[in-house]
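Asks: I'd like to ask some things about the structure below.
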């Protein structure tokens, strides 16, 4: 089954404790992105990657890091989480071979930073 | 920059009612337009899309028409069901870009 998976689905942590949210897709997609969803703001892009070893900032990159060492994986790293990073996070991927491609979303990771 | 504005929610309707969720956008060039749906506890799923002016996207009884003259992409359904209860997001994207610009989302609840 074609899908984007994220882990963990739920995470409660404390300020300053480094964490990683994993994202994996099995569709051989070139493009992957991370978004955060906040009430009244919709989804905003954090980082994106156009292929292995190619990443770039989205609209709200502060406080986040990413890496793309393999095509299927695109982890999101919070080196020193703060309460304002409490949010619902989505990973997405798309194939990049057409004019515009449907983005496939993972199930989301709900993060709470105390 | 680009932006998408959706009607304020939440929206509550009775089963079999007519649904309209308004969406307007501001963008340079000729973006593609999308409606995504998020069911409780799940990620976003593409509901429908339109890639050029006057295109009509449709799926599962939902429709939306790309109106360039009014910069709108309103979502409609003639007879809603309880299973349509979800959050609906309007979004736009540009050719060659892999970022979607989302509206704030509209929570829809359908009562039996």
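Asks: Per residue of B:43-53, what is the mean number of Cβ atoms on other protein chains within 10 angstrom of that residue's Cβ? Present the calculation step by step, with values, prior to reporting the outcome.
Replies: Values: counts 12, 11, 3, 4, 0, 0, 2, 0, 3, 0, 0.
Mean number of neighbouring Cβ atoms from other chains: 3.
Asks: Which of B:107, A:72 comes first, and how do the rest follow, when ranked by fewest Cβ neighbours within 10 Å? Provide the component values of the computation, followed by the final result.
Replies: Values: B:107 13, A:72 17.
Sorted ascending by nearby Cβ count, the order is B:107, A:72.
Asks: Which order results if B:110, A:12, A:77, B:21 are arranged by neighbouring Cβ count within 10 Å, fewest first? Intermediate values should be presented prior to the final figure.
Replies: Details: B:110 19, A:12 11, A:77 14, B:21 23.
Lowest count first: A:12, A:77, B:110, B:21.
Asks: From the Cα trace of the protein assembly as shown, what convex hull volume per residue do you get, rounded to a whole Å³? Walk me through the numbers on the way to the answer.
Replies: Details: hull volume 27.6 nm³, N = 226.
So the per-residue hull volume is 122 Å³.
Asks: Another question, then. Relative contact order for the stretch B:1-75 using alpha-carbon pairs under 8 Å, separation at least 6, rounded to a whole percent?
Replies: On the way: 124 pairs, mean separation 20.5, N = 75.
Answer for the stretch B:1-75 is 27 percent.
Asks: To the nearest Å, what is the center-to-center distance of the stretch A:1-42 and the stretch B:1-80, using C-alpha atoms only?
Replies: Cα centroid of the stretch A:1-42 versus Cα centroid of the stretch B:1-80: 25 Å apart.
Asks: Sorted by average packing, counted as other Cβ atoms within 10 angstrom per residue and highest first, what order do B:5-15, B:82-92, B:43-53 take? Provide the component values of the computation, followed by the final result.
Replies: On the way: B:5-15: 14.5, B:82-92: 20.5, B:43-53: 18.2.
Result, highest mean Cβ count within 10 Å first: B:82-92, B:43-53, B:5-15.
Asks: Let me ask something else about it. For peptide A:102-112, what's the mean number of Cβ atoms from other chains within 10 Å of each residue's Cβ?
Replies: Working: counts 7, 9, 4, 8, 3, 4, 5, 0, 1, 0, 0.
For this peptide, the per-residue mean of nearby foreign Cβ atoms is 4.
Asks: Take peptide A:33-41, look around each residue's Cβ out to 10 angstrom, count Cβ atoms belonging to other protein chains, and average those counts.
Replies: Details: counts 3, 0, 4, 0, 7, 1, 2, 3, 4.
Counting Cβ atoms of other protein chains within 10 Å of each residue's Cβ and averaging gives 3.
Values quoted throughout were computed directly from the atomic coordinates according to the rules given, and no laboratory measurement underlies them. Please read all numbers here as calculations on a predicted model, not as lab measurements. As a convention, Cβ positions derive from the backbone with ideal geometry for all residues, glycine included, and neighbour counts pool all protein chains shown.
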